[in-house]
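*Asks:* The structure follows.
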């Protein structure tokens, strides 16, 4: 009888152990974590309870077999617990209320956040309006241009129509593919610029305003200032602990942005050719539950550091749980951008392909952006105009 029970227990316990291990692996990589966790708990708890009751004499081999699903359950619980903990930590991601910035949206929504001119625009484009795209952080600027200059009866959406907001990487692709006439972004990365050269296309970059590239940390981080060499050390992986920078004895969690995004291109310029360490990555569900591996979104751990542009980090995200760092003793502000004392002050651009096939309204539109009215909208939005006093 004892031998028969042992054989039956092994025949049941061994497949359950294997299944638990495979399900545990699936739990790590699947987008359906909560569903799997529920099934895992029901299956394993009931199976383990059955096997324990079956083997009241505590056969050692059976309990070694039972140790596999028990260990998997404990590990899965730890992973789920940590995952839930990290999901509660605030992020600084490119999410904000786009609909508040859609041109001519005041009648459809309670309140539009777009700034307006005090007088009628000196330029009106009625036909053949240039198709626009650009960086997330610059959408409030060029959407304000559109509301001042474009016809009101157009259909304006974020992802289609004459005014899109695809983000820097996709905006450059849309310009290259002829799906956009003007994009509003930071300057291209070397790889982006090369793609236009390879296609025999000449990019025209027209500076229209100025902005600061900023670094931010958790508000409770005691570090308030970093030097350029510190940035090089952090993002090359040489500086691994905040105590090196007179901070707490905590490992530095240095987040990065995706390749060819505006902020990542700026970080590469700041690094001055020093190789970046491999960025943090996370498994993210996409489509019908498929998993992609992408650069991790900044999550505001006590020991985290991230970067963005000043207006985006302060006005659009408006997260009071982060603080901006001074660089070389200079705090990023409109004043330090204007006088160029902040080390990472730079232009942002209206960018188009300069050829005979370009939209005839591109150059008049950009000329207007550089006029008193266009610069006024840049300043009112929260950026630094090229021409104070217009």
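The values are calculated or read from the model by the stated rules, or taken from the named source; none is laboratory data. Model, not experiment: these values are computed from the prediction. Backbone-built Cβ (ideal geometry, glycine too); neighbour counts: all protein chains shown.
*Asks:* Restricting attention to region 255-272, report how many residues are more than 11 Å from the chain's Cα centre (by Cα), crowded, with 19+ Cβ neighbours inside 10 Å and assigned to a loop (DSSP other than H, G, I, E, B).
*Replies:* The qualifying residues number 1.
*Asks:* Restricting to region 337-360, give me the number of residues that are over 30 Å from residue 173 (Cα atoms) and under 26 Å from the mean Cα position of the chain (by Cα). Steps first, answer last, please.
*Replies:* Initially, region 337-360 is screened for residues over 30 Å from residue 173 (Cα atoms), giving 338-342.
Within this subset, residues satisfying the condition of being under 26 Å from the mean Cα position of the chain (by Cα) are 342.
Of the residues in region 337-360, 1 are over 30 Å from residue 173 (Cα atoms) and under 26 Å from the mean Cα position of the chain (by Cα).
*Asks:* Scan region 170-178 and tell me whether some residue there is assigned by TED's automatic domain parsing to the domain that holds residue 374, part of a loop (DSSP other than H, G, I, E, B) and over 22 Å from residue 113 (Cβ atoms).
*Replies:* Yes, region 170-178 contains at least one residue that is assigned by TED's automatic domain parsing to the domain that holds residue 374, part of a loop (DSSP other than H, G, I, E, B) and over 22 Å from residue 113 (Cβ atoms).
*Asks:* Further question on the same structure: For region 162-175, which positions are touching a residue at least 60 places away in the same chain (Cβ under 8 Å) and touching a helix residue (DSSP H, G or I) at 6+ places or on another chain (Cβ under 7 Å)?
*Replies:* Listed by number, the residues that qualify are 163, 165, 167, 168, 172.
*Asks:* Give the residues of region 367-384 that are surrounded by fewer than 21 Cβ atoms within 10 Å (Cβ to Cβ) and either outside the structural domain of residue 141 (by TED's automatic domain parsing) or under 16 Å from residue 113 (Cα atoms) (or both), sorted by residue number.
*Replies:* Those that are surrounded by fewer than 21 Cβ atoms within 10 Å (Cβ to Cβ) and either outside the structural domain of residue 141 (by TED's automatic domain parsing) or under 16 Å from residue 113 (Cα atoms) (or both): 376, 379, 380, 382.
*Asks:* Quick one: in region 130-149, which of the residues that are at pLDDT 95 or above and part of a loop (DSSP other than H, G, I, E, B) is surrounded by the fewest Cβ atoms within 10 Å (Cβ to Cβ)?
*Replies:* Taking the candidates together, the pick is 131.
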